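Comments concern the structure below.
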Amino acid sequence: MCQSGASNATSNLSLFSRAVDGGITGPSWFPPLPSLSLSLSLPLSPSHLLLISLFTFNYFCVWARRANMDSLGLCILLMLLCFQWTTAPAAEEITWTYTGLVGQTEWSEYFPDCAGNAQSPVEVVTTQTKYDPSLLPLTPLGYSQHGNKPFAMYNNGHTAVIELPEWMGLGGLPWLYTAVQMHLHWGSGGPSHGGGEHTVNGMSADAELHVVHYNSELYPNMSKAMTQSDGLAVLGILIVTGEETNLAFNNILNYLGRIRHADQKVFIPAFDVQTLLPEDLGRYFRYNGSLTTPPCHQSVTWTLFNERIQISPAQLLKLETILYSSKAEGPDRMLLQDNYRTTQPLNHRVVFASFSAESGRELTSGEVTAIVIGVMCGCVGLSVIIRFIVKTIRFFTLLHRESVVLYL
(Lines give C-alpha, C1' and ligand atoms only; values in the text may rest on other atoms or scores of the structure.)
Protein backbone atom coordinates (compact mmCIF):
# COMPACT_ATOMS: atom_id res chain seq x y z
CA MET A 1 0.00 0.00 0.00
CA CYS A 2 2.83 2.40 0.83
CA GLN A 3 4.52 1.52 -2.41
CA SER A 4 1.29 2.12 -4.30
CA GLY A 5 0.82 5.47 -2.54
CA ALA A 6 4.39 6.46 -3.32
CA SER A 7 3.89 5.45 -6.92
CA ASN A 8 0.71 7.52 -7.14
CA ALA A 9 2.46 10.43 -5.48
CA THR A 10 5.32 10.19 -7.96
CA SER A 11 2.86 10.10 -10.81
CA ASN A 12 0.94 13.04 -9.42
CA LEU A 13 4.15 14.96 -8.83
CA SER A 14 5.20 14.33 -12.40
CA LEU A 15 1.81 15.49 -13.59
CA PHE A 16 2.10 18.61 -11.47
CA SER A 17 5.62 19.32 -12.66
CA ARG A 18 4.69 18.99 -16.30
CA ALA A 19 1.60 21.10 -15.81
CA VAL A 20 3.62 23.88 -14.22
CA ASP A 21 6.12 23.75 -17.06
CA GLY A 22 3.28 23.99 -19.54
CA GLY A 23 4.14 20.58 -21.01
CA ILE A 24 0.64 19.05 -20.81
CA THR A 25 -2.84 20.23 -21.47
CA GLY A 26 -4.76 17.39 -19.81
CA PRO A 27 -8.24 16.16 -20.67
CA SER A 28 -11.01 18.50 -21.71
CA TRP A 29 -12.18 19.03 -18.13
CA PHE A 30 -8.66 19.97 -17.01
CA PRO A 31 -8.55 23.72 -16.34
CA PRO A 32 -5.52 25.76 -17.35
CA LEU A 33 -3.04 25.89 -14.48
CA PRO A 34 -2.25 29.39 -13.21
CA SER A 35 1.36 30.43 -13.46
CA LEU A 36 3.11 29.93 -10.13
CA SER A 37 5.90 32.22 -11.23
CA LEU A 38 3.64 35.23 -10.71
CA SER A 39 5.00 35.86 -7.25
CA LEU A 40 8.53 35.85 -8.58
CA SER A 41 7.89 38.34 -11.35
CA LEU A 42 5.48 40.78 -9.70
CA PRO A 43 6.04 42.48 -6.34
CA LEU A 44 3.19 41.39 -4.08
CA SER A 45 2.39 42.71 -0.65
CA PRO A 46 1.52 40.28 2.19
CA SER A 47 -2.19 41.02 1.79
CA HIS A 48 -2.00 40.28 -1.92
CA LEU A 49 -0.13 37.04 -1.25
CA LEU A 50 -2.81 35.91 1.21
CA LEU A 51 -5.64 36.50 -1.25
CA ILE A 52 -3.81 34.76 -4.08
CA SER A 53 -2.84 31.85 -1.81
CA LEU A 54 -6.48 31.30 -0.77
CA PHE A 55 -7.62 31.41 -4.38
CA THR A 56 -4.89 29.04 -5.53
CA PHE A 57 -5.51 26.63 -2.63
CA ASN A 58 -9.17 26.36 -3.62
CA TYR A 59 -8.18 25.93 -7.26
CA PHE A 60 -5.85 23.02 -6.52
CA CYS A 61 -8.39 21.32 -4.27
CA VAL A 62 -10.86 21.28 -7.18
CA TRP A 63 -8.13 20.11 -9.54
CA ALA A 64 -7.05 17.33 -7.19
CA ARG A 65 -10.63 16.15 -6.73
CA ARG A 66 -11.21 16.01 -10.49
CA ALA A 67 -7.93 14.21 -11.04
CA ASN A 68 -8.76 11.64 -8.31
CA MET A 69 -5.51 12.54 -6.58
CA ASP A 70 -4.93 10.62 -3.35
CA SER A 71 -4.15 12.30 -0.04
CA LEU A 72 -0.39 11.80 -0.30
CA GLY A 73 -0.26 13.37 -3.71
CA LEU A 74 -2.40 16.25 -2.52
CA CYS A 75 -0.07 16.80 0.42
CA ILE A 76 2.95 16.90 -1.89
CA LEU A 77 1.15 19.31 -4.16
CA LEU A 78 0.25 21.62 -1.28
CA MET A 79 3.82 21.49 0.04
CA LEU A 80 5.09 22.55 -3.36
CA LEU A 81 2.55 25.35 -3.37
CA CYS A 82 3.70 26.54 0.05
CA PHE A 83 7.31 26.38 -1.11
CA GLN A 84 6.39 28.50 -4.10
CA TRP A 85 4.96 31.28 -1.91
CA THR A 86 7.79 31.10 0.61
CA THR A 87 10.29 31.68 -2.20
CA ALA A 88 8.69 35.01 -3.05
CA PRO A 89 11.27 37.81 -3.20
CA ALA A 90 12.34 39.57 -0.03
CA ALA A 91 11.62 43.27 0.32
CA GLU A 92 15.21 44.12 -0.57
CA GLU A 93 14.80 42.34 -3.93
CA ILE A 94 11.65 44.19 -4.96
CA THR A 95 12.18 46.69 -7.72
CA TRP A 96 10.65 49.87 -6.35
CA THR A 97 9.93 52.96 -8.38
CA TYR A 98 8.73 56.50 -7.74
CA THR A 99 5.43 55.91 -9.58
CA GLY A 100 3.43 52.86 -10.61
CA LEU A 101 2.77 49.53 -8.88
CA VAL A 102 5.59 49.95 -6.38
CA GLY A 103 5.63 53.74 -6.38
CA GLN A 104 6.33 55.82 -3.31
CA THR A 105 2.69 55.69 -2.17
CA GLU A 106 3.06 51.89 -1.95
CA TRP A 107 6.55 51.68 -0.45
CA SER A 108 5.31 50.98 3.06
CA GLU A 109 3.56 47.81 1.82
CA TYR A 110 6.94 46.25 1.13
CA PHE A 111 9.27 48.34 3.30
CA PRO A 112 7.58 48.96 6.69
CA ASP A 113 10.05 51.66 7.75
CA CYS A 114 8.71 53.88 4.97
CA ALA A 115 5.60 54.36 7.13
CA GLY A 116 7.65 55.46 10.15
CA ASN A 117 7.12 58.70 12.04
CA ALA A 118 10.57 60.17 11.32
CA GLN A 119 10.76 60.05 7.55
CA SER A 120 12.59 62.27 5.07
CA PRO A 121 12.56 64.61 3.21
CA VAL A 122 10.69 67.32 5.09
CA GLU A 123 9.43 70.86 4.61
CA VAL A 124 11.63 73.38 6.44
CA VAL A 125 9.77 76.48 7.60
CA THR A 126 12.51 78.85 8.68
CA THR A 127 10.32 80.75 11.14
CA GLN A 128 9.55 77.48 12.92
CA THR A 129 13.14 76.29 13.25
CA LYS A 130 14.92 76.42 16.59
CA TYR A 131 18.26 78.16 16.83
CA ASP A 132 20.95 75.95 18.36
CA PRO A 133 24.21 77.81 19.07
CA SER A 134 26.01 74.50 19.62
CA LEU A 135 25.77 73.68 15.91
CA LEU A 136 29.23 74.57 14.64
CA PRO A 137 30.42 74.70 11.02
CA LEU A 138 30.93 71.24 9.53
CA THR A 139 34.41 70.13 8.56
CA PRO A 140 34.80 68.02 5.40
CA LEU A 141 37.76 65.70 5.91
CA GLY A 142 39.82 64.72 2.88
CA TYR A 143 37.26 66.02 0.39
CA SER A 144 39.98 67.92 -1.47
CA GLN A 145 42.52 65.08 -1.18
CA HIS A 146 40.99 62.93 -3.87
CA GLY A 147 44.20 61.13 -4.84
CA ASN A 148 44.89 59.62 -8.25
CA LYS A 149 42.48 56.68 -8.12
CA PRO A 150 39.38 57.31 -10.25
CA PHE A 151 35.89 57.40 -8.77
CA ALA A 152 33.38 54.71 -9.72
CA MET A 153 30.05 56.07 -10.98
CA TYR A 154 27.07 53.90 -11.88
CA ASN A 155 23.39 54.04 -12.77
CA ASN A 156 21.37 51.96 -10.30
CA GLY A 157 18.07 52.57 -12.06
CA HIS A 158 17.09 55.23 -9.53
CA THR A 159 19.92 57.77 -9.74
CA ALA A 160 23.59 58.26 -10.59
CA VAL A 161 25.80 57.14 -7.69
CA ILE A 162 29.42 58.22 -7.24
CA GLU A 163 31.42 56.09 -4.82
CA LEU A 164 33.76 57.99 -2.52
CA PRO A 165 37.10 56.80 -1.07
CA GLU A 166 37.15 55.78 2.57
CA TRP A 167 39.60 58.48 3.60
CA MET A 168 36.94 61.11 3.05
CA GLY A 169 34.90 61.91 6.13
CA LEU A 170 32.94 64.49 8.06
CA GLY A 171 33.87 66.33 11.25
CA GLY A 172 31.82 68.60 13.47
CA LEU A 173 29.47 65.82 14.65
CA PRO A 174 29.53 63.78 17.88
CA TRP A 175 31.26 60.89 16.05
CA LEU A 176 33.50 60.53 13.04
CA TYR A 177 31.58 59.72 9.88
CA THR A 178 33.22 58.14 6.84
CA ALA A 179 32.06 59.06 3.33
CA VAL A 180 30.48 56.30 1.24
CA GLN A 181 28.83 57.81 -1.81
CA MET A 182 26.96 60.76 -3.24
CA HIS A 183 23.99 60.87 -5.57
CA LEU A 184 21.49 63.28 -7.09
CA HIS A 185 17.73 63.82 -7.26
CA TRP A 186 16.07 65.85 -10.01
CA GLY A 187 12.82 66.56 -11.82
CA SER A 188 11.76 66.71 -15.47
CA GLY A 189 10.41 70.15 -16.30
CA GLY A 190 13.55 72.25 -16.39
CA PRO A 191 14.26 75.26 -14.16
CA SER A 192 11.72 76.24 -11.51
CA HIS A 193 9.72 73.02 -11.87
CA GLY A 194 11.06 71.22 -8.80
CA GLY A 195 13.24 68.18 -8.47
CA GLY A 196 14.86 68.63 -5.08
CA GLU A 197 13.56 66.59 -2.15
CA HIS A 198 13.64 68.98 0.79
CA THR A 199 11.65 72.18 0.49
CA VAL A 200 12.30 75.47 2.30
CA ASN A 201 9.34 77.76 2.97
CA GLY A 202 7.35 75.92 0.33
CA MET A 203 9.99 76.35 -2.37
CA SER A 204 11.57 73.35 -4.09
CA ALA A 205 15.01 73.43 -5.67
CA ASP A 206 15.66 72.18 -9.21
CA ALA A 207 17.79 69.30 -7.94
CA GLU A 208 19.45 68.07 -4.77
CA LEU A 209 22.81 66.48 -4.03
CA HIS A 210 23.21 64.03 -1.13
CA VAL A 211 26.60 63.07 0.31
CA VAL A 212 26.23 59.95 2.44
CA HIS A 213 28.45 59.02 5.42
CA TYR A 214 28.29 56.26 8.02
CA ASN A 215 29.29 56.30 11.69
CA SER A 216 32.66 54.55 11.48
CA GLU A 217 33.38 54.98 15.19
CA LEU A 218 30.48 52.80 16.29
CA TYR A 219 29.80 50.52 13.33
CA PRO A 220 32.04 48.44 11.05
CA ASN A 221 30.34 49.22 7.75
CA MET A 222 27.50 50.99 5.98
CA SER A 223 25.20 47.95 6.03
CA LYS A 224 25.29 47.74 9.81
CA ALA A 225 25.15 51.50 10.38
CA MET A 226 22.14 52.13 8.15
CA THR A 227 19.85 50.25 10.53
CA GLN A 228 20.95 52.20 13.63
CA SER A 229 19.44 55.50 14.78
CA ASP A 230 22.87 57.19 14.88
CA GLY A 231 24.30 55.31 11.94
CA LEU A 232 24.30 57.79 9.06
CA ALA A 233 24.98 61.45 8.36
CA VAL A 234 23.86 62.93 5.06
CA LEU A 235 24.63 66.36 3.64
CA GLY A 236 21.82 67.86 1.58
CA ILE A 237 22.76 70.50 -0.98
CA LEU A 238 19.97 72.33 -2.79
CA ILE A 239 20.67 73.07 -6.46
CA VAL A 240 19.10 75.90 -8.47
CA THR A 241 19.74 77.18 -11.98
CA GLY A 242 21.64 80.34 -12.81
CA GLU A 243 23.39 81.91 -15.75
CA GLU A 244 26.90 80.53 -15.22
CA THR A 245 28.13 76.99 -15.76
CA ASN A 246 29.22 75.17 -12.60
CA LEU A 247 32.54 73.65 -13.65
CA ALA A 248 32.69 71.40 -10.59
CA PHE A 249 29.49 69.61 -11.63
CA ASN A 250 30.91 68.93 -15.08
CA ASN A 251 33.11 66.35 -13.34
CA ILE A 252 29.90 64.31 -13.02
CA LEU A 253 27.64 65.50 -15.83
CA ASN A 254 30.20 65.00 -18.61
CA TYR A 255 30.21 61.24 -17.97
CA LEU A 256 26.49 60.54 -17.61
CA GLY A 257 26.32 59.46 -21.25
CA ARG A 258 28.47 56.43 -20.39
CA ILE A 259 25.98 55.13 -17.81
CA ARG A 260 22.78 55.81 -19.72
CA HIS A 261 21.13 52.56 -18.64
CA ALA A 262 20.73 50.80 -15.29
CA ASP A 263 23.66 48.70 -14.07
CA GLN A 264 26.14 50.51 -16.31
CA LYS A 265 29.30 51.68 -14.59
CA VAL A 266 32.18 53.98 -15.48
CA PHE A 267 35.32 55.20 -13.77
CA ILE A 268 35.70 58.98 -13.84
CA PRO A 269 38.76 61.08 -12.97
CA ALA A 270 38.96 61.93 -9.27
CA PHE A 271 38.17 65.52 -8.40
CA ASP A 272 37.85 67.89 -5.45
CA VAL A 273 34.48 66.94 -3.94
CA GLN A 274 34.43 70.03 -1.74
CA THR A 275 33.93 72.18 -4.85
CA LEU A 276 30.40 70.74 -5.03
CA LEU A 277 29.53 72.13 -1.60
CA PRO A 278 28.37 75.65 -0.71
CA GLU A 279 31.02 78.10 0.43
CA ASP A 280 29.24 78.75 3.73
CA LEU A 281 29.26 75.48 5.69
CA GLY A 282 28.26 77.20 8.92
CA ARG A 283 24.62 77.99 8.08
CA TYR A 284 22.47 74.89 7.90
CA PHE A 285 19.39 73.08 9.20
CA ARG A 286 19.64 69.90 11.26
CA TYR A 287 17.07 67.22 12.05
CA ASN A 288 16.77 63.47 12.56
CA GLY A 289 15.23 61.61 9.66
CA SER A 290 15.52 58.70 7.29
CA LEU A 291 16.78 57.50 3.96
CA THR A 292 14.60 59.05 1.26
CA THR A 293 14.45 55.76 -0.67
CA PRO A 294 13.55 52.21 0.40
CA PRO A 295 14.20 50.66 2.85
CA CYS A 296 13.67 54.13 4.45
CA HIS A 297 15.60 53.29 7.63
CA GLN A 298 15.26 56.08 10.21
CA SER A 299 18.99 56.31 10.80
CA VAL A 300 20.02 59.66 9.31
CA THR A 301 21.30 62.84 10.91
CA TRP A 302 20.41 65.33 8.21
CA THR A 303 22.32 68.54 7.48
CA LEU A 304 20.59 70.73 4.90
CA PHE A 305 22.69 73.73 3.90
CA ASN A 306 20.99 77.10 3.76
CA GLU A 307 23.09 78.32 0.84
CA ARG A 308 22.12 76.95 -2.55
CA ILE A 309 24.55 76.15 -5.32
CA GLN A 310 23.91 76.97 -8.96
CA ILE A 311 24.21 75.10 -12.23
CA SER A 312 23.30 76.34 -15.70
CA PRO A 313 20.04 75.43 -17.49
CA ALA A 314 22.09 73.35 -19.95
CA GLN A 315 23.59 71.36 -17.07
CA LEU A 316 20.15 70.74 -15.59
CA LEU A 317 18.94 69.58 -19.00
CA LYS A 318 21.75 67.01 -19.10
CA LEU A 319 20.76 65.72 -15.70
CA GLU A 320 17.11 65.37 -16.68
CA THR A 321 17.45 63.85 -20.16
CA ILE A 322 20.46 61.52 -20.37
CA LEU A 323 19.83 58.64 -17.95
CA TYR A 324 17.32 55.81 -18.30
CA SER A 325 15.88 53.60 -15.59
CA SER A 326 15.87 50.51 -17.85
CA LYS A 327 18.77 48.12 -18.25
CA ALA A 328 18.99 48.08 -22.04
CA GLU A 329 17.81 50.01 -25.02
CA GLY A 330 14.33 49.14 -26.22
CA PRO A 331 10.93 50.53 -27.09
CA ASP A 332 9.79 50.43 -23.46
CA ARG A 333 12.74 52.29 -21.98
CA MET A 334 11.94 55.29 -19.81
CA LEU A 335 13.95 58.35 -18.95
CA LEU A 336 15.13 58.51 -15.36
CA GLN A 337 13.24 61.59 -14.20
CA ASP A 338 11.37 62.89 -11.16
CA ASN A 339 13.39 60.67 -8.84
CA TYR A 340 12.49 62.58 -5.72
CA ARG A 341 10.29 61.68 -2.77
CA THR A 342 7.57 64.03 -1.62
CA THR A 343 8.01 65.73 1.74
CA GLN A 344 6.96 63.75 4.81
CA PRO A 345 5.25 64.91 8.04
CA LEU A 346 7.53 66.20 10.79
CA ASN A 347 5.41 64.47 13.45
CA HIS A 348 6.54 66.76 16.28
CA ARG A 349 10.18 66.63 15.28
CA VAL A 350 12.15 69.86 15.65
CA VAL A 351 14.28 71.27 12.85
CA PHE A 352 17.27 73.07 14.35
CA ALA A 353 19.19 75.89 12.70
CA SER A 354 22.82 76.84 13.19
CA PHE A 355 21.85 80.50 12.75
CA SER A 356 19.07 82.59 14.24
CA ALA A 357 16.04 83.55 12.19
CA GLU A 358 16.70 87.22 13.00
CA SER A 359 20.02 87.04 11.19
CA GLY A 360 18.14 86.70 7.94
CA ARG A 361 18.38 84.19 5.19
CA GLU A 362 21.19 83.73 2.72
CA LEU A 363 20.74 85.97 -0.32
CA THR A 364 20.94 84.49 -3.79
CA SER A 365 23.30 85.97 -6.37
CA GLY A 366 20.32 87.47 -8.20
CA GLU A 367 19.16 89.21 -5.05
CA VAL A 368 22.67 90.48 -4.34
CA THR A 369 22.92 91.80 -7.91
CA ALA A 370 19.56 93.55 -7.57
CA ILE A 371 20.64 95.15 -4.29
CA VAL A 372 23.94 96.33 -5.77
CA ILE A 373 22.21 97.83 -8.82
CA GLY A 374 19.64 99.48 -6.56
CA VAL A 375 22.32 100.99 -4.37
CA MET A 376 24.24 102.26 -7.42
CA CYS A 377 21.09 103.80 -8.92
CA GLY A 378 20.32 105.39 -5.57
CA CYS A 379 23.82 106.86 -5.37
CA VAL A 380 23.57 108.26 -8.91
CA GLY A 381 20.16 109.76 -8.16
CA LEU A 382 21.41 111.23 -4.90
CA SER A 383 24.43 112.80 -6.63
CA VAL A 384 22.15 114.38 -9.27
CA ILE A 385 19.94 115.84 -6.56
CA ILE A 386 22.94 117.18 -4.63
CA ARG A 387 24.39 118.70 -7.80
CA PHE A 388 21.06 120.35 -8.57
CA ILE A 389 20.82 121.78 -5.04
CA VAL A 390 24.39 123.10 -5.19
CA LYS A 391 23.75 124.78 -8.54
CA THR A 392 20.54 126.30 -7.24
CA ILE A 393 22.29 127.70 -4.17
CA ARG A 394 25.05 129.17 -6.33
CA PHE A 395 22.50 130.74 -8.66
CA PHE A 396 20.62 132.46 -5.87
CA THR A 397 23.88 133.53 -4.21
CA LEU A 398 25.06 135.22 -7.41
CA LEU A 399 21.65 136.77 -7.93
CA HIS A 400 21.72 138.18 -4.42
CA ARG A 401 25.20 139.65 -4.93
CA GLU A 402 24.17 141.34 -8.17
CA SER A 403 21.12 142.84 -6.53
CA VAL A 404 23.28 144.24 -3.73
CA VAL A 405 25.69 145.83 -6.21
CA LEU A 406 22.84 147.45 -8.11
CA TYR A 407 21.42 148.79 -4.89
CA LEU A 408 24.72 150.38 -3.94
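The values are calculated or read from the model by the stated rules, or taken from the named source; none is laboratory data. Remember, it's a predicted structure, so these values are computed and weren't measured experimentally. All Cβ positions, glycine included, derive from the backbone under ideal geometry; neighbour counts span all protein chains shown.
The table for this structure:
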{"read-out": "Options S108, S134; residue that is outside any strand (DSSP E or B) and more than 16 Å from S290 (Cβ to Cβ)", "value": "S134"}
{"read-out": "Residues (touching a residue at least 60 places away in the same chain (Cβ under 8 Å), more than 14 Å from I311 (Cα to Cα) and not in a loop (DSSP other than H, G, I, E, B)) located in the range 191-209", "value": "T199, V200"}
{"read-out": "Strands (runs of 3 or more DSSP E) completely within the range 139-187 that count 1 or more residues being of a type in the set (G, A, S)", "value": "151-155, 160-163, 169-171, 177-186"}
{"read-out": "Residue match in the range 257-280 (condition: touching a Lys or Arg at 6+ places or on another chain (Cβ under 6 Å) and in a helix (DSSP H, G or I))", "value": "no"}
{"read-out": "Which numbered condition A270 misses (of (1) touching a residue at least 60 places away in the same chain (Cβ under 8 Å); (2) under 19 Å from the mean Cα position of the chain (by Cα); (3) farther than 19 Å from L238 by Cβ)", "value": "(2)"}
{"read-out": "Selection status of S120, at pLDDT 85 or above and of a type in the set (G, A, S)", "value": "yes"}
{"read-out": "Count - residues of the range 335-364 that are under 17 Å from T199 (Cα atoms), charged (D, E, K, R) and modelled with pLDDT under 95", "value": "2"}
{"read-out": "Selection from the range 253-269 of residues that are touching a helix residue (DSSP H, G or I) at 6+ places or on another chain (Cβ under 9 Å) and farther than 21 Å from S204 by Cβ", "value": "N254, L256, G257, Q264, K265, V266, I268, P269"}
{"read-out": "Enumeration of residues in the range 315-348 that are basic (K, R) and either surrounded by 15 or more Cβ atoms within 10 Å (Cβ to Cβ) or touching a helix residue (DSSP H, G or I) at 6+ places or on another chain (Cβ under 6 Å) (or both)", "value": "K318, R333, R341"}
{"read-out": "Residues that are at pLDDT 75 or above and not hydrophobic (A, V, I, L, M, F, W, C), drawn from the range 366-399", "value": "G374, G378, G381, S383, R387, K391, T392, R394, T397"}
